[in-house]
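Data block below; observations after.
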Amino acid sequence: MTEGEIRELCETFFDAYQDKRVDILERVLADDCVVWHNVFGRETTKRDNLSRYHDSYRGQRRRTYDDRIVNTFHDGFVIQYQLRGVMTNGHKGSLWICIVARVRDGQITRIDEYMDSSKFAAWAGTEEAKP
Amino acid sequence: MGRVDTEHRALCHALFDAIEREDPEGMARCYAPGMTLWFNVTGENVSGEDTIAAQAAGRRIQRRRTYDDRIVNTFDDGFVVQYTLTVVLHDGSRRSLSACAVAEVHDGLIVRLSEYLDSSRFGRLRTTEPATS
């Protein structure tokens, strides 16, 4: 894939996440895609992630993936961004996140996500929030 | 991209090797004048000088730290490194966390380093300073 194609794939993925377009996520994630999170320290599958997508929005009115800084390398990209959310009670929170992704044939094959779970309570607007 | 790729990889390893062996001069050789380090835990920028000073302070509570399992990918003006930081304290206890750093490189030196980690994994370790300090 060219640098342009990789950048476009990255933006398509995050726009789809933002716009709740699971049909596009289904297309851009390879069937064998693995998603790893530094907070949980375990890998999950494409199916795990897409089946829980709507649940992940529980309590949230809106999410935007802002201030994206994308750099590409020969088989992937790294994106640094600020995830902003508006909860159903009006609370606004944000998280700084970095993702390193692998790509192949127009699809994402691996996602490694890095964030700070100590910010989750402030993100959700509740001290009870846990990773 | 071949030569740049090799140079950026060498710079990445030079920095992390210098931190591992407690070599402030080695760290300084990797940083451009005016270099800044940004840390997702605090959201603040710190200078290269402060980063190097914090590295020395950290040794008071740490016997050893290693940056293992480094996965490095490069791009035209920088690199991203994913790694496991393992810290051994003076009492022998050991903690590890997974982190990621994105570097912007100009003229062979790091001008900006952005580090992302989960501070809850630090436990008794410092929670407000970057893993690369």
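The values are calculated or read from the model by the stated rules, or taken from the named source; none is laboratory data. A quick note: this is a predicted structure, and the numbers were derived from the prediction, not measured. When we count neighbours, we look across all protein chains shown, and the Cβ atoms used for this are built from the backbone with ideal geometry, even at glycine.
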Picking from B:66, B:84, B:6, the residue that is hydroxyl-bearing (Ser, Thr, Tyr), touching a helix residue (DSSP H, G or I) at 6+ places or on another chain (Cβ under 6 Å) and without any contact (Cβ under 8 Å) to a residue 60 or more places away in the chain would be B:66
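Any chance you could count how many residues in the stretch A:30-66 are of a type outside the set (Ser, Thr, Tyr), in a strand (DSSP E or B) and under 12 Å from the mean Cα position of the chain (by Cα)? So that I can check it myself, show each step before the final result.
Let us first name the residues in the stretch A:30-66 that are of a type outside the set (Ser, Thr, Tyr), namely A:30-43, A:46-50, A:52, A:54-55, A:58-63, A:66.
Imposing the further condition that a residue be in a strand (DSSP E or B) reduces the set to A:30-37, A:42-43, A:60-63, A:66.
Then keep just the ones that are under 12 Å from the mean Cα position of the chain (by Cα); that gives A:35-37, A:63, A:66.
The total comes to 5.
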Tell me which residues, restricted to the stretch B:87-112, are touching a residue at least 40 places away in the same chain (Cβ under 8 Å) and hydrophobic (A, V, I, L, M, F, W, C).
-> B:103, B:105, B:109, B:110, B:111
Scan of the stretch B:62-80 for residues that are farther than 25 Å from residue A:79 by Cβ and either of a type outside the set (D, E, K, R) or facing another protein chain (nearest Cβ under 10 Å) (or both), ordered by number = B:62, B:66
Only residues that are crowded, with 19+ Cβ neighbours inside 10 Å and either at pLDDT 95 or above or touching a Gly at 6+ places or on another chain (Cβ under 6 Å) (or both): list them for the stretch B:1-26, please.
-> B:8, B:11, B:12, B:15, B:16, B:18
Within the stretch A:68-102, restricting to residues that are within 14 Å of the chain's Cα centre (by Cα) and more than 12 Å from chain B (Cβ to nearest Cβ), the one that is surrounded by the most Cβ atoms within 10 Å (Cβ to Cβ) is A:85
Taking into account only those residues within the stretch A:28-45 that are of a type in the set (D, E, K, R) and either closer than 23 Å to residue B:118 by Cα or in contact (Cβ under 8 Å) with a residue 24 or more places away in the chain (or both), which is surrounded by the most Cβ atoms within 10 Å (Cβ to Cβ)?
-> A:43
Tally of residues being more than 11 Å from every other protein chain (Cβ to nearest Cβ), among the β-branched types (Val, Ile, Thr) and surrounded by fewer than 16 Cβ atoms within 10 Å (Cβ to Cβ) across the stretch B:81-97 = 2
Subset of the stretch B:65-91 [more than 24 Å from residue A:3 (Cα to Cα) and modelled with pLDDT of 90 or more] = B:65, B:66, B:67, B:68, B:69, B:83, B:84, B:85, B:86, B:87, B:88
Spot the failing condition for residue A:71; the list is (1) at pLDDT 95 or above; (2) in a helix (DSSP H, G or I), and only one is missed.
-> (2)
Being within 21 Å of residue A:118 (Cβ to Cβ), surrounded by 14 or more Cβ atoms within 10 Å (Cβ to Cβ), within 13 Å of another protein chain (Cβ to nearest Cβ) and touching a Gly at 6+ places or on another chain (Cβ under 8 Å), is that true of even one residue in the stretch B:105-115?
-> no
